[in-house]
Amino acid sequence: MSHSNREWVFAQRPSGEPDMDSFELREGEVPEPRSGELLVRVHYLSVDPYMRGRMRDTESYAEPWNIGDPMEGAVVGEVTESDSNAYDEGDLVTGMGTWADYSVLDADSVTPVDPSVADLPAYLGVLGMPGRTAYFGLLEVGEPKPGDTVVVSGAAGAVGSVVGQIANLNGCHTVGFAGSDEKVEWLTEDLGFDAAINYKAVDDYGAALDEAAPQGVDVYFDNVGGPITDAVFTKLNLDARVAVCGQIAHYNDEGVPTGPRKLPQLIPVRAKVQGLLVHDYISRFETADEQLGKWVASGEIKHRESVVEGLENAPNAFLGLFSGENIGKQVVAVSGPVDR
C-alpha cells in the first residue's frame, strides 16, 4: 500500500523558452477527497501549449500560476476513492487535475470515460478539450461551406488534425501546414488532407499556398501565427473567415513581435478574424462530445497520441511541444504506484 504521491510544482518563471528550472518534483502524502470530490489515480495527463501563458505573471484567459503551485492540466484516470454519489471506486473519468500520481477532482466537473469508444489517451485529445476546440472553432467561427478551401496551421497537432478532418467531412478542400515530411505524410495519407506543406522545407509560403490552394483561402484556422499567418492573409478570398486559436510561434517571445502589417489585406476581401476560447461553448460540450465520439467510433475521424512514459518526464513532454516533437496529441503516461 502506497502512502506517497509525486507531484510537479511550478518552481520559477521562465524568461523566453522554459527549461527544467521552471519545474520541481515533490513527494508527499496522497491527498484525501472531501465532500463532492474524487481521488483519481492518474493514468495519463495532458501537456498543452496554453500552459506557457500560465507561467507569465500577467492577466490572460487562463489564471497564472504562482510559484509553488501544482502544475495543472487535464487528466484521465481511475477513481480510487469517492466522496460523491455520482461516481464509484473503479470508474474511469477525465477532468482537470494535477501532474501527479494521484489527483483530487471535483465530481461535478469530471466526465465519464468509455474505453470501448477509444483508448484512454484519446480523452485528452480528440475526445477532450482539443477535439472540442476544433469542433466549435471550425464550425462556429470558421463556418465552412462545401467547396471551401480550409487552411490549417499546426495541422499535425491535437487541434489542427481534427480541424482538417471535420473540414473534409463538410466537403472542403483542406490544406495543412506541418513541420516535417513525416507529419505531411500522416496528414495526406492517413487523415485525408488534400494537401500539406512542410513549412521547414519551403522558402516561400505564398508560392506553396498557390500550389496547394489555387482557389485561394476561404477559412484559415490559425494555431501558430508568425510568417505562415502573414502568407495566408495575402491569399484570403472574399468574405473569408479566420479563426485564431493559438499563436505558439510567439508564446516564448519576451516582447510583442513587429513585422509586416497584414491587416490591410482584410479590407478588400472583407474577411472576418475572430479569436476563440473553447470554454465559451461549455454549455454545448455534450453535443460536441457526442458527435466526436460517433466520428471516432465510425473511423471517420482518426487520431494519434504521442505518449511520453513516466511522470518524471512530464516537463520534457511539455517542452517538446515548442520544438514540434509531437504528432497529434502530446500526453504523459504516469507510471507510479498501482495501489493506494
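Structural remarks
- Among the residues of this structure, Y123 counts as one that is aromatic (F, W, Y), open to solvent by 10 Å² or more (accessible area, probe 1.4 Å) and either farther than 30 Å from L236 by Cα or modelled with pLDDT under 95 (or both).
- For the stretch 62-94, filtered to residues that are among the small types (G, A, S) and more than 22 Å from A314 (Cβ to Cβ), the residue that is surrounded by the most Cβ atoms within 10 Å (Cβ to Cβ) is S82.
- One residue stands out among those in the stretch 260-282 that are part of a helix (DSSP H, G or I) and not β-branched (V, I, T): the one that is nearest to Y135 (Cα to Cα), which is Y281.
- Per-region count, the stretch 210-233, residues hydroxyl-bearing (S, T, Y) and modelled with pLDDT of 95 or more: 1
- Taking the criterion of being in a loop (DSSP other than H, G, I, E, B) and not acidic (D, E), the residues of the stretch 128-170 that qualify are G128, P144, K145, P146, G147, S153, G154, A155, A156, A158, V159, N170.
- Residues of the stretch 281-292 that turn out to be in contact (Cβ under 8 Å) with a residue 24 or more places away in the chain and either open to solvent by 50 Å² or more (accessible area, probe 1.4 Å) or at positive phi (or both), as a count: 2
- Selection of the stretch 283-311 for residues being more than 21 Å from F193 (Cα to Cα) and in a helix (DSSP H, G or I) yields S283, R284, F285, E286, T287, A288, D289, E290, L311.
- Flag if A207 is open to solvent by 40 Å² or more (accessible area, probe 1.4 Å), within 23 Å of I228 (Cβ to Cβ), modelled with pLDDT of 95 or more and part of a loop (DSSP other than H, G, I, E, B): no
- Being out of contact with any helix residue (DSSP H, G or I) (no Cβ under 6 Å at 6 or more places or on another chain) and β-branched (V, I, T) holds for only one residue in V117, V47, V42, and it is V42.
- Residue match in the stretch 45-59 (condition: open to solvent by less than 30 Å² (accessible area, probe 1.4 Å), touching a Leu at 6+ places or on another chain (Cβ under 7 Å) and either of a type in the set (A, V, I, L, M) or over 26 Å from H279 (Cα atoms) (or both)): yes
- The listed residue being modelled with pLDDT of 95 or more, of a type in the set (F, W, Y) and touching a Pro at 6+ places or on another chain (Cβ under 8 Å), out of Y102, Y135: Y102
- Residues in the stretch 100-110 that are part of a strand (DSSP E or B) and surrounded by 16 or more Cβ atoms within 10 Å (Cβ to Cβ): A100, Y102, S103, V104, L105.
- Which listed residue, of G28, G97, is surrounded by fewer than 19 Cβ atoms within 10 Å (Cβ to Cβ) and either in contact (Cβ under 8 Å) with a residue 40 or more places away in the chain or out of contact with any helix residue (DSSP H, G or I) (no Cβ under 8 Å at 6 or more places or on another chain) (or both): G28
- Residue that is farthest from D239 (Cα to Cα), among those in the stretch 147-179 that are in contact with a Phe, Trp or Tyr (Cβ under 9 Å, 6 or more places away or on another chain) and among the hydroxyl-bearing types (S, T, Y): S161
Table: residues versus (1) more than 23 Å from L321 (Cβ to Cβ); (2) open to solvent by less than 20 Å² (accessible area, probe 1.4 Å); (3) of a type in the set (S, T, Y).
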residue	(1), (2), (3)
P146	yes, no, no
V150	yes, yes, no
C172	yes, yes, no
L187	no, yes, no
L191	no, yes, no
A213	yes, yes, no
F221	no, yes, no
N237	yes, no, no
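The values are calculated or read from the model by the stated rules, or taken from the named source; none is laboratory data. Quick caveat, the model's predicted, so the values are computed rather than measured. Please note: Cβ atoms are built from the backbone with ideal geometry, for glycine as well, and neighbour counts cover all protein chains shown. In case anyone asks, the SASA skips ligands and DNA or RNA and just uses the protein heavy atoms, side chains included. Shrake-Rupley method; radii C 1.70, N 1.55, O 1.52, S 1.80 Å.
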